[in-house]
Ligand code: SF4
């Protein structure tokens with residue numbers, strides 16, 4: 001029997017609404033059908049890199065409100081707009097950045113050595129910081145990076161007291177936006193002898209990093225862990241705590257209570273080298289919602305001396321401006337930095353084809369067969385990335401992001417990126433208005 005009363009009538013109704021018999025099913029789309037059949041064939045979930053492909057609420061749902069008569073714009077050619085940013089203001093040696101944009105943690109293993117060094121050099125050229133990742137700190141990365149944040153991850157792969165003492169900040173990683181509540185993943189194709197040695201693991205074997213830290217079980221223990229890190233570094237460097245955006249209000253409050261100098265919140269649009277496909281599209285909350293909740297949490301507990309860094313899908317200066325206006329002190333980029341390095345560049349089409357993709361749609365970092373030498377440990381592929389040229393592109397891109405933020409800030413009459421505020425924004429959709437608390441464009445009423 002059909003939902004229409006009897007089978008015959010049901011068939012007749014369907015035929016009437018779909019005369020060609022080819023209209024798409026919005027639930028079981030061709031992609032979903034292929035996905036189910038692939039899982040049926042593999043007997044496991046699917047993996048991929050890059051980030052969520054879901055059409056999520058985003059910073060594009062907000063617009064910037066430049067000056068007019070109610071406030072005056074600044075002249076771009078002669079009036080300064082200060083981009084200097086300080087993170088970890090409570091620490092003996094805070095991070096003093098020339099721009100409010102940093103490079104996020106990405107592991108040596110997920111990325112090639114050349115890519116890590118190019119990111120470090122690029123960040124240094126514009127006066128900002130970069131971050132290590134699962135697998136420890138490379139000597140070459142340390143040398144290339146004037147300001148280097150050292151991640152303390154649950155795996156502790158390559159984590160040493162020596163490297164901790166030569167870091168400019170330490171970041172305790174609780175989670176990441178692409179896959180909150182789960183650990184790292186590095187497939188055997190990327191577990192070269194060198195990577196395996198750094199992690200004290202066998203080469204060629206898939207490696208799953210733990211999700212929970214071995215030496216603290218919850219926020220109360222995190223207090224002790226942070227104190228231990230402070231002691232080990234002579235109370236000199238700032239301690240960051242990085243969270244995957246999920247239960248943001250509670251997590252941020254607990255991180256601050258545990259002693260974080262800087263809270264990093266990574267939204268749902270954040271990238272990763274490898275993750276189960278579903279995690280990226282169905283866990284956490286979007287970056288635009290995460291920044292609002294994080295700022296509210298910090299304000300609610302009066303944490304004026306704790307800085308907020310937000311990441312997750314930042315692409316251009318408008319994204320940076322909007323996150324700063326919503327309450328971030330700085331933003332962090334990961335995927336965009338790789339794109340600046342030439343990720344998805346249309347070269348070597350045969351290698352993209354071998355991965356079953358094309359340049360512009362590649363999300364195959366997990367395979368280790370990166371056509372442009374970034375997400376690989378294959379020496380031949382890695383040689384395609386020139387470290388000097390890559391560093392220059394990263395620096396150019398970071399510098400351009402800062403210029404774009406300055407452009408928007410001056411248009412809003414602001415002489416410092418630290419003056420950007422919620423009043424500089426309006427929501428373009430009712431959903432974005434509800435999510436951010438910003439007024440919906442077109443609803444202003446004369447007072
Ligand atoms: S081009 Fe390389 S870095 Fe970019 S998505 Fe593909 S595999 Fe990953």
Original post:
Sorted by packing (mean other beta-carbon atoms within 10 Å per residue), highest first, where do 406-416, 42-52 land?
Top reply: 406-416, 42-52
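Using square roots of five times the C-alpha gyration tensor eigenvalues, list the equivalent-ellipsoid semi-axes of the range 23-138 in whole Å, biggest first.
40, 28, 12
What does the extension gain come out to for residue 146 and residue 29, with contour length at 0.36 nm per residue minus their alpha carbon separation?
On the way: separation 117, 0.36 × 117 = 42.12 nm, distance 4.89 nm.
Stretched out fully, the residue 146 to residue 29 stretch lengthens by 37.2 nm.
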Subject >> Packing-based order for 100-112, 64-76, 199-211, 245-257, using average beta carbon neighbours within 10 Å, highest first >> reply: 100-112, 245-257, 199-211, 64-76
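Report the relative contact order of the chain, percent, no decimals, based on alpha-carbon pairs under 8 angstrom and at least 6 residues apart.
It comes to 22 percent, rounded to a whole number.
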Original post:
If we count other beta carbons within 10 Å of each Cβ, what is the order of 369, 166, fewest first?
Top reply: 166, 369
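What FRET efficiency do you get for residue 235 and residue 296 if R0 is 22 Å and r is their Cβ-Cβ distance, rounded to the nearest 0.05? Please report the intermediate quantities before stating the final value.
Working: r = 30 Å, r/R0 = 1.35.
Step by step, r from the Cβ atoms, then E = 0.15.
Report the calculated FRET efficiency for residue 73 and residue 358 (r = Cβ-Cβ distance, R0 = 45 Å), to the nearest 0.05. Before the final figure, lay out the partial values.
Numbers: r = 42 Å, r/R0 = 0.94.
Efficiency, from the Cβ-Cβ distance: 0.60.
Please rank 159, 240, 28, fewest neighbouring Cβ atoms within 10 Å first, as an exposure proxy.
Lowest to highest Cβ neighbour count: 28, 159, 240.
Taking the square root of 5 times each eigenvalue of the Cα gyration tensor, what semi-axes in Å does the equivalent ellipsoid of the chain have, largest first?
Details: eigenvalues 247, 194, 102 Å².
Gyration-tensor ellipsoid for the chain: 35, 31, 23 Å.
Suppose R0 equals 30 Å. What FRET efficiency, 1/(1 + (r/R0)^6) with r the Cβ-Cβ distance, do residue 348 and residue 304 give to the nearest 0.05?
For R0 = 30 Å, the calculated efficiency reads 0.05.
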Original post:
To one decimal place, what Kirkwood hydrodynamic radius in Å is obtained for the range 378-447 from all pairs of distinct Cα atoms?
Top reply: 15.8
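No value in this document is a laboratory result; all are computed from the given coordinates. What you see is a predicted model, and the numbers here were worked out from it, not measured in a lab. In this analysis, Cβ positions are derived from the backbone assuming ideal geometry, glycine residues included, and neighbour counts consider all displayed protein chains.
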